[in-house]
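One structure below.
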Amino acid sequence: MEYVTLSNGVKMPVLGYGTFTISNEETERCVTDAIHVGYRSIDTAQAYYNEEGVGNAVHKAIEAGTVKREELFLTTKIWVANAGYEKAKASIEESLQKLQTDYIDLLFVHQPYNDYYGTWRAMEEAYKEGKAKAIGVSNFYADRYLDLASFAEIKPMVNQLETHVFQQQKTIRPYLDKFGTQIEAWAPFAKGEKNLFSHPVLTEIGAKYGKNAGQTALRFMIQSGIVVIPKSTHKERMAENLNVFDFVLTEDEMKQIEGMDEGSNIFMDHENPAHIENFFSRFGIM
Ligand SMILES: NC(=O)c1ccc[n+]([C@@H]2O[C@H](COP(=O)([O-])OP(=O)(O)OC[C@H]3O[C@@H](n4cnc5c(N)ncnc54)[C@H](OP(=O)(O)O)[C@@H]3O)[C@@H](O)[C@H]2O)c1
């Protein structure tokens with residue numbers, strides 16, 4: 001595994017395992033498989049309702065001697081309904097309990113809505129108490145990101161954004177660099193949209209190295225300094241997605257894949273009011 005060093009010195013694996021849309025029951029099996037094939041970083045969230053499944057898998061892997069807690073990197077995210085200092089603080093305790101751990105390696109504000117300043121203060125406190133080793137934001141685009149990064153006492157160490165070959169987040173990246181914030185990609189496969197797994201550019205470049213389109217896409221992002229957290233419920237795919245550290249794309253190949261960038265989100269546009277209203281109603285927030 002390769003690592004990036006966050007602005008506070010914490011080492012984060014460049015490739016982790018995503019658990020969005022996996023039921024709590026199935027998550028235990030999936031995370032157990034993921035640890036077994038070599039993943040050490042696991043991404044969950046309060047809103048995925050599978051923190052217990054992650055906690056059970058991690059607890060059992062540690063008990064069995066498969067891994068040590070300090071070898072794992074656990075990420076969770078505070079949901080919009082738990083926003084504000086008091087609620088966020090209580091929800092951090094609940095997440096720790098569900099994950100069966102004394103500390104979360106990376107704690108996010110999941111979405112830039114509701115009282116995220118209050119949430120951030122609870123996260124800063126958890127960070128100072130050692131309950132979170134690093135804190136960050138997710139889905140914070142330029143306006144909200146620059147606001148929080150400029151005025152918060154502790155600057156976000158990571159911003160987890162929709163990022164893939166079709167949305168390379170080129171506009172915000174210089175600003176993330178300015179505040180020492182690491183970019184992390186959610187949906188690094190674009191959830192398979194736009195035929196990513198059979199895309200001719202990725203397929204042709206990957207073939208040279210005996211890799212498929214998905215592996216080529218992950219390699220491109222890692223080489224671009226982006227942390228990735230692909231999700232799969234299939235053990236053989238988990239292993240395949242992890243097998244991206246034995247080849248290096250040339251400058252020309254990197255440029256070709258850079259050319260696939262369309263510069264816009266596929267799944268949610270945080271600047272589109274209709275998308276935001278739809279998001280709130282989908283999650284029963286209003
Ligand atoms: N912060 C946020 O708001 C946010 C939002 C979305 C996601 N995330 C995080 O980011 C993680 C990754 O994003 P994502 O799960 O939405 O999408 P993704 O990783 O881009 O794509 C997952 C899809 O790709 C398929 N897949 C995986 N490996 C494959 C392979 N080798 N060959 C063919 N198909 C393959 C999976 O199917 P199978 O499972 O059937 O293999 C699944 O349908 C999430 O799990 C979550 O942890 C965060």
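The values are calculated or read from the model by the stated rules, or taken from the named source; none is laboratory data. The structure displayed is predicted, hence computed values, not measured ones. Backbone-built Cβ (ideal geometry, glycine too); neighbour counts: all protein chains shown. Remember, those area values only see protein heavy atoms, side chains included, never the ligands or the DNA or RNA. Shrake-Rupley method; radii C 1.70, N 1.55, O 1.52, S 1.80 Å.
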Could you grab the pairs with beta carbons closer than 9 Å, sequence gap of 6+ or different chains, first residue in region 171-195 and at positive phi and within 15 Å of the ligand (Cβ to nearest atom), second one open to solvent by less than 10 Å² (accessible area, probe 1.4 Å) and of a type in the set (Gly, Ala, Ser)? Ala187/Gly18; Ala190/Ala217; Gly192/Gly214; Asn195/Ala213
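Residue-wise test of (1) assigned to a loop (DSSP other than H, G, I, E, B); (2) surrounded by 19 or more Cβ atoms within 10 Å (Cβ to Cβ).
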| residue | (1), (2) |
| --- | --- |
| Tyr117 | no, no |
| Ala122 | no, yes |
| Arg144 | no, no |
| Ile154 | yes, no |
Provide a single number: the residues in region 156-195 that are touching a strand residue (DSSP E or B) at 6+ places or on another chain (Cβ under 8 Å), surrounded by fewer than 20 Cβ atoms within 10 Å (Cβ to Cβ) and part of a loop (DSSP other than H, G, I, E, B). 1
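At least 3 residues that are under 30 Å from Ala47 (Cα atoms) in each: list the helices (runs of 4 or more DSSP H) lying fully within region 196-286 that qualify. I'd like the intermediate steps shown before the answer.
Working: elements: 200-207, 213-223, 235-242, 251-258, 273-282.
Correct list: 213-223, 235-242, 273-282.
For a quick check of your reading: which strands (runs of 3 or more DSSP E) sit entirely within region 1-69 and have at least 2 residues that are open to solvent by 40 Å² or more (accessible area, probe 1.4 Å)? Can you show your working first?
On the way: elements: 3-5, 11-13, 41-43.
Answer list for region 1-69: 3-5.
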Within region 133-154, count every residue that is away from the ligand (no atom under 16 Å from the Cβ) and touching a strand residue (DSSP E or B) at 6+ places or on another chain (Cβ under 9 Å). 3
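Of all the residues that make up region 205-246, how many are aromatic (Phe, Trp, Tyr) and either open to solvent by 10 Å² or more (accessible area, probe 1.4 Å) or within 11 Å of the ligand (Cβ to nearest atom) (or both)?
Let us first name the residues in region 205-246 that are aromatic (Phe, Trp, Tyr), namely 209, 220, 245.
Those still in the list that are either open to solvent by 10 Å² or more (accessible area, probe 1.4 Å) or within 11 Å of the ligand (Cβ to nearest atom) (or both) too: 209, 245.
Number of matching residues: 2.
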